[in-house]
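All remarks here apply to the structure that follows.
The values are calculated or read from the model by the stated rules, or taken from the named source; none is laboratory data. Being a predicted model, the structure only gives us computed values, none of them experimental. Cβ sites come from the backbone with ideal geometry, for glycine too, and all protein chains shown count toward neighbours.
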Amino acid sequence: MVRVITSFFVALALAASTLPADAQGRGRAGGRLGSAPPGLTRGYQDPAYARGYADGFRNAQDDRNDRRSYDPVGHREYREADQGFNRSYGSRDAYRDNYRAGFRAGYDAGYRDGTGRRR
């Protein structure tokens, strides 16, 4: 019985190791609860990029829904770029650079409609 169970888990591990990264739950998040926002493909483990992406996405949706023009740099969050900063992340300048990169990517994704074009 133990041999059958062990064989089952070994076979399961081998089968899972041949799956692509997305199917294993790594890489793009695929919209799971508590995971990276949809469309976030760049190192979402980086807290500055992830925070910037989420903030940019939210601001873009608000702008689009209120029929405001496409303007990611017009937002206070983008200009200050230190929301969520913690000294344990490293230098504030590096955090700001990564936050702004995430903000621009999130804003671009959030401003687009279902066709992938800007409204």
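Here Arg42 meets each of (1) modelled with pLDDT of 50 or more; (2) surrounded by 11 or more Cβ atoms within 10 Å (Cβ to Cβ); (3) within 15 Å of Asp108 (Cβ to Cβ) with one exception, condition (1).
So which residues in segment 71-94 are aromatic (Phe, Trp, Tyr) and at pLDDT 95 or above? First the steps, then the outcome.
Of segment 71-94, the ones aromatic (Phe, Trp, Tyr) are 78, 85, 89.
Of everything in segment 71-94, just one residue is aromatic (Phe, Trp, Tyr) and at pLDDT 95 or above, namely Tyr78.
Inside segment 76-91, can you point out the residues that are farther than 10 Å from Ala48 by Cα and free of Cβ contacts under 8 Å to residues at least 24 places away in the same chain? Show your work before the answer.
Residues of segment 76-91 farther than 10 Å from Ala48 by Cα: 76-80, 87-88, 90-91.
Arg76, Arg79, Glu80, Arg87, Ser88, Gly90, Ser91, listed by residue number.
Out of all the residues in segment 46-72, which are surrounded by fewer than 17 Cβ atoms within 10 Å (Cβ to Cβ) and without any contact (Cβ under 8 Å) to a residue 40 or more places away in the chain? Within segment 46-72, Asp62, Asn65, Asp66, Arg67, Arg68, Ser69, Asp71 qualify. Is there a residue being at pLDDT 95 or above and among the hydroxyl-bearing types (Ser, Thr, Tyr) anywhere in segment 31-39? Looking for residues that are at pLDDT 95 or above and among the hydroxyl-bearing types (Ser, Thr, Tyr), one finds none in segment 31-39, hence no. The set of residues from segment 54-74 being touching a Gly at 6+ places or on another chain (Cβ under 8 Å) and of a type outside the set (D, E, K, R) comprises Ala54, Gly56, Phe57, Asn59, Ala60, Gln61, Pro72. Of everything in segment 56-89, what is hydrophobic (A, V, I, L, M, F, W, C) and assigned to a helix (DSSP H, G or I)? Give them in sequence order. Phe57, Ala60, Val73 - these are the residues of segment 56-89 that are hydrophobic (A, V, I, L, M, F, W, C) and assigned to a helix (DSSP H, G or I).
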